[in-house]
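Take a look at the structure below.
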Ligand code: KG4
Ligand code: ZN
C-alpha cells in the first residue's frame with residue numbers, strides 16, 4: 001500500500017511516499033528554520049504563509065522522486081494534530097482537496113504517533129508491544145505502545161517539554177533557534193559536572209518537570225551578566241544536557257523495569273541529542289533492554305513518519321476521515 005503523507009504542524013513543510021508503513025519511496029522536507037531564526041522562535045503567522053507557498057512544490061517533488069502520479073497512490077495521509085493551528089490547516093486542507101479530487105482515502109495522523117513510527121522505518125524488526133519515550137519541542141511522554149495504534153501514557157511533562165527547555169536554555173546561553181542542536185554541539189567541549197542544576201520532584205515518578213531547570217539556567221546567565229562574570233558556556237551546555245538526559249533516562253528505564261519491558265524506543269526531535277542517545281543506550285544495555293532509536297534524519301519533523309503511522313491507522317484500526325476533517329492544536333495521544 002503506497003501512501004502519500006503530508007506534514008505541516010510546525011516549521012517544516014514535508015511530503016513523502018511510504019510503502020506498507022516501512023519503506024520510504026520518497027521523502028521531501030522544506031524547512032523554514034532560517035526565517036524563524038531571525039525572531040528567536042517560530043512565528044506562527046509566517047509558518048502558515050510559508051506552508052501555503054511550499055506545499056504544492058513539496059508534494060510534486062515527493063511524487064516525482066517516487067516516480068508516481070496521484071493515480072498510483074492508495075491513500076493520502078496528513079498530520080491533523082497537535083501543532084500550530086494555522087500551519088496544520090494548510091496541510092489538512094491540501095490533503096482533503098487531493099483526497100476528494102482523486103477519490104483516495106484520507107488518513108488523519110497524530111503527530112507524536114508519527115514520531116514513534118519513525119522507528120518502524122528504521123528498524124524492520126521492531127513490533128509492539130514496547131515502551132516508548134517521545135521527546136520533542138512540544139511533548140515529553142513515556143508511553144506503553146500496546147499495538148501500532150494503541151498507546152497508554154504513563155508519564156508526561158507537568159510544564160515545559162524537553163525540547164522547549166533545550167530551546168529556552170539555549171537562547172539564554174546565546175545560541176540561535178532551535179537551540180537543542182547548538183547545546184548538543186557545545187556540550188562536546190564542556191564539563192558536564194561543572195554546574196550543579198536542580199532535578200525537580202514530581203508526584204508521579206514517571207512525570208517530568210523541566211521548567212525549574214530551565215529557569216535555573218536563565219538565572220545563572222542573568223546573574224553572571226549583572227556581575228560582569230564570564231560563564232563557561234560549553235560547560236553550562238554540557239551540564240544542562242547531562243541533567244536533562246539523566247532525568248529522561250532514569251525515569252524511562254525505571255518505567256521499563258517496573259512494567260517489565262525488554263524492548264524500548266526513543267522518538268521525537270530531542271531523540272537527535274547525542275548525550276541522550278548515548279546515555280539511554282548504555283543504561284538500556286546495562287538493564288538488558290533492547291533500545292531502538294531512529295537515525296537523526298528521521299528524529300525531526302518529516303512526512304515519512306506520518307506515512308508509516310498512517311498505514312497502521314488504516315490497516316489496523318480502520319481510521320479514515322471525510323471532508324469534515326479539522327485540525328487541532330492540542331490532542332491527547334490516548
Ligand atoms: O520533533 P520536533 O522536530 O518538533 C516538534 O514536534 O516539536 O522537535 C523539535 C525539538 C526542538 O526543541 C529542538 O531544539 C530539539 O527538538 N532538538 C534537539 C536536538 N535536535 C533537535 N534537542 C537536543 N539536541 C539535539 N541534537
Ligand atoms: Zn515533531
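The values are calculated or read from the model by the stated rules, or taken from the named source; none is laboratory data. Being a predicted model, the structure only gives us computed values, none of them experimental. For neighbour counting, all protein chains shown are included, and Cβ atoms are generated from backbone atoms with ideal geometry for every residue, glycine included.
Exactly one residue out of 190, 212 is assigned to a loop (DSSP other than H, G, I, E, B), more than 19 Å from the chain's Cα centre (by Cα) and either within 17 Å of residue 163 (Cα to Cα) or outside the structural domain of residue 22 (by TED's automatic domain parsing) (or both), and it is 190. The conditions of being closer than 30 Å to residue 176 by Cα and within 16 Å of ligand 1 (Cβ to nearest atom) are met by residue 29. Does segment 272-301 hold any residues that are surrounded by fewer than 22 Cβ atoms within 10 Å (Cβ to Cβ), more than 16 Å from residue 162 (Cα to Cα) and within 17 Å of the chain's Cα centre (by Cα), and which are they? 292, 295, 296, 297, listed by residue number.
Quick grid of which residues meet (1) modelled with pLDDT of 95 or more; (2) within 15 Å of ligand 2 (Cβ to nearest atom); (3) touching a strand residue (DSSP E or B) at 6+ places or on another chain (Cβ under 9 Å):
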{"position": "132", "(1), (2), (3)": "yes, yes, yes"}
{"position": "140", "(1), (2), (3)": "yes, yes, yes"}
{"position": "149", "(1), (2), (3)": "yes, no, no"}
{"position": "156", "(1), (2), (3)": "yes, no, yes"}
{"position": "168", "(1), (2), (3)": "yes, no, no"}
{"position": "188", "(1), (2), (3)": "yes, no, no"}
{"position": "192", "(1), (2), (3)": "yes, no, no"}
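For segment 1-23, the candidate set comprises residues that are surrounded by fewer than 20 Cβ atoms within 10 Å (Cβ to Cβ) and in contact (Cβ under 8 Å) with a residue 40 or more places away in the chain; within that set, the residue that is nearest to residue 87 (Cα to Cα) is 2. Tell me the residue from 81, 77, 95 that is more than 16 Å from ligand 2 (Cβ to nearest atom) and either without any contact (Cβ under 8 Å) to a residue 60 or more places away in the chain or not assigned by TED's automatic domain parsing to the domain that holds residue 269 (or both), please. Answer to the selection: 95. Among the residues making up segment 259-277, those that are within 14 Å of ligand 1 (Cβ to nearest atom) and on the phi < 0 side of the Ramachandran plot are 266, 267, 269, 270, 271, 272, 273, 274, 275, 276, 277. Looking across 230, 226, 241, one residue alone is surrounded by fewer than 13 Cβ atoms within 10 Å (Cβ to Cβ) and touching a helix residue (DSSP H, G or I) at 6+ places or on another chain (Cβ under 9 Å). It is 230.
Can you find a residue that is in contact with a strand residue (DSSP E or B) (Cβ under 9 Å, 6 or more places away or on another chain), surrounded by 17 or more Cβ atoms within 10 Å (Cβ to Cβ) and on the phi > 0 side of the Ramachandran plot anywhere in segment 34-52? No, segment 34-52 contains no residue that is in contact with a strand residue (DSSP E or B) (Cβ under 9 Å, 6 or more places away or on another chain), surrounded by 17 or more Cβ atoms within 10 Å (Cβ to Cβ) and on the phi > 0 side of the Ramachandran plot.
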